[in-house]
Amino acid sequence: MMSLPILPTISTTFIVLSAITVAIGWYQIKQRRIETHKKTMITAAIFALIFFLIYASRTIFIGNTAFGGPDDLKIYYTVFLVFHIFLATTGAVFGIVTLLTGFNNKLSKHRKLGPITSIIWFFTAITGVAVYLLLYVFYHGGETTSVIKAILGF
Ligand code: HEM
């Protein structure tokens, strides 16, 4: 039985939980359940925040893992990873603005942004799981170097 790295497994689980929660929140607003929609979307944001905190502390203190698969696949992996990072960053910015329009009752803006944010977030989760599988499940992760180590040299 192969072992999976604990922190990336936990953080990837939280992105998936966050996307599932957004889907539930979308379903709830389709049924005009506004208070439940609000609570569910706040929960989705908390899951996303937990993901980000684990991911960021791992990046700072332990480091990022290089792709450990075959060299000729590396370029495809890198392009895919950049696409995932782009989606995640866009999704985070859209997510914050969508939450703010919800809290501030700017509902015509919120109705336009809500579906876009949700769909970006679904693709963030799907591509995030794909990156996780490529990095740790299909292939063994390569070298891990921490930002602090890289900067301070210890
Ligand atoms: C503070 C948090 C939030 C509050 C108070 C809130 C409130 C609302 C309300 C009142 C509506 C109904 C608007 C209308 O039909 O007039 C709505 C719609 C919607 N919201 Fe939220 N929302 C929040 C967060 C979010 C977040 C974070 C997302 C996405 C990630 C989201 C996605 C949606 C979607 C998809 C719709 C349905 C739009 C449509 O089908 O026309 N909401 N929200």
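The values are calculated or read from the model by the stated rules, or taken from the named source; none is laboratory data. Every value quoted in this text rests on a predicted model; they were computed, and no experiment measured them. Cβ sites come from the backbone with ideal geometry, for glycine too, and all protein chains shown count toward neighbours. Calculation scope for accessible area: heavy atoms of the full protein, side chains included, ligands and nucleic acids excluded. Shrake-Rupley method; radii C 1.70, N 1.55, O 1.52, S 1.80 Å.
Things worth noting here:
- Only Lys, Arg (+1) and Asp, Glu (-1) charged, at Cβ; the chain dipole about Cα centre in debye: 940
- Overall, the accessible surface of the chain at a probe of 1.4 angstrom is composed of carbon and sulfur to the extent of 74 percent.
- Note that segment 12-19 has calculated 3J(HN,Hα) couplings of 5, 4, 5, 5, 5, 4, 5, 5 Hz, one per residue in order, obtained from phi through the Karplus relation 6.51 cos²θ - 1.76 cosθ + 1.60 (θ = phi - 60°); glycine and proline are x.
- Loop trypsin sites (Lys or Arg not before Pro), segment 1-54, which have at most 12 other Cβ atoms in a 10 Å radius of their Cβ (DSSP): Arg32
- Number of Lys-Lys pairs in segment 6-152 with C-alpha atoms under 19 Å apart and a separation of 8 or more places or on different chains: 9.
- Rounded to whole Å, sorted largest first: equivalent-ellipsoid semi-axes of segment 31-154, Cα gyration tensor: 34, 17, 12
- Shape analysis of segment 14-92 based on the Cα gyration tensor places the equivalent ellipsoid semi-axes at 32, 15, 9 Å, largest first.
- The convex hull built on the alpha-carbon positions of segment 81-134 has an orientation-averaged projected area of 3.4 nm².
- On Cα atoms only, tilt of 71-103 relative to the major axis of the chain in degrees: 30
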